[in-house]
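The values are calculated or read from the model by the stated rules, or taken from the named source; none is laboratory data. As the structure is a computational prediction, the values presented were derived from the model and not from experiment. Positions of Cβ are backbone-derived with ideal geometry, glycine not excepted, and every protein chain shown enters the neighbour counts.
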Amino acid sequence: MTNNKENFAVIETDGRQYKVKPGINITVHRLSQSPQEKISFDKVLLASINSDPTKVSVTGEIVSHYRGDKVRIIKFKRRKHHLKRRGFKSSLTSVKILSINSIG
């Protein structure tokens with residue numbers, strides 16, 4: 001049996017939690033930084049480096065900003081001839097996780 005030691009962290013941004021590893025891309029709500037700019041995630045909820053829970057900092061790089069797929073909203077009341085259609089696109093940011101660094 002192999003001992004699979006993976007480094008990961010659970011970060012929170014905009015009230016949502018993401019499990020991240022170095023080298024992966026995540027999609028979050030629009031961040032104010034510009035593309036190719038480094039970003040540090042301060043709120044790390046859980047981290048494991050070599051299977052040991054420790055205090056860490058997570059750094060990433062903003063890849064791009066884009067708009068998500070259109071979400072359609074329909075409000076309908078039967079037998080009343082009432083139908084409302086709305087829709088919106090979310091503003092999103094793609095972030096590449098560069099490293100998970102141990103603080104202590």
(request) From (1) modelled with pLDDT under 95; (2) surrounded by 10 or more Cβ atoms within 10 Å (Cβ to Cβ); (3) farther than 21 Å from Ser102 by Cβ, pick out the condition that doesn't hold for Thr27. (result) (1)
(request) Could you list, in sequence order, all residues of the range 30-41 that are loosely packed, with under 13 Cβ neighbours inside 10 Å and within 22 Å of Val56 (Cα to Cα)? (result) Glu37, Lys38, Ser40
(request) Output the residues belonging to the range 60-87 that are closer than 26 Å to Ser34 by Cα and either in contact with a Pro (Cβ under 6 Å, 6 or more places away or on another chain) or modelled with pLDDT under 95 (or both). (result) Ile62, Ser64
(message) Six or more apart or on different chains, Cβ atoms under 7 Å: show the pairs whose first residue is in the range 62-86 and closer than 14 Å to His29 by Cβ and of a type in the set (Phe, Trp, Tyr) and whose second is part of a strand (DSSP E or B) and at pLDDT below 95.
(response) none
(request) Select from the range 59-83 the residues that are out of contact with any Phe, Trp or Tyr (no Cβ under 8 Å at 6 or more places or on another chain) and among the basic types (Lys, Arg) and write down the one among them that is surrounded by the most Cβ atoms within 10 Å (Cβ to Cβ). (result) Arg67
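Would you mind stating whether Thr93 is of a type in the set (S, T, N, Q), in contact with a strand residue (DSSP E or B) (Cβ under 8 Å, 6 or more places away or on another chain) and touching a residue at least 60 places away in the same chain (Cβ under 8 Å)?
Values: of a type in the set (S, T, N, Q): yes; in contact with a strand residue (DSSP E or B) (Cβ under 8 Å, 6 or more places away or on another chain): yes; touching a residue at least 60 places away in the same chain (Cβ under 8 Å): yes.
Yes; evaluated as a whole, the condition is true for this residue.
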(request) Considering only residues that are part of a loop (DSSP other than H, G, I, E, B) and of a type in the set (Ser, Thr, Tyr), look in the range 13-71 and name the one that is farthest from the chain's Cα centre (by Cα). (result) Ser51
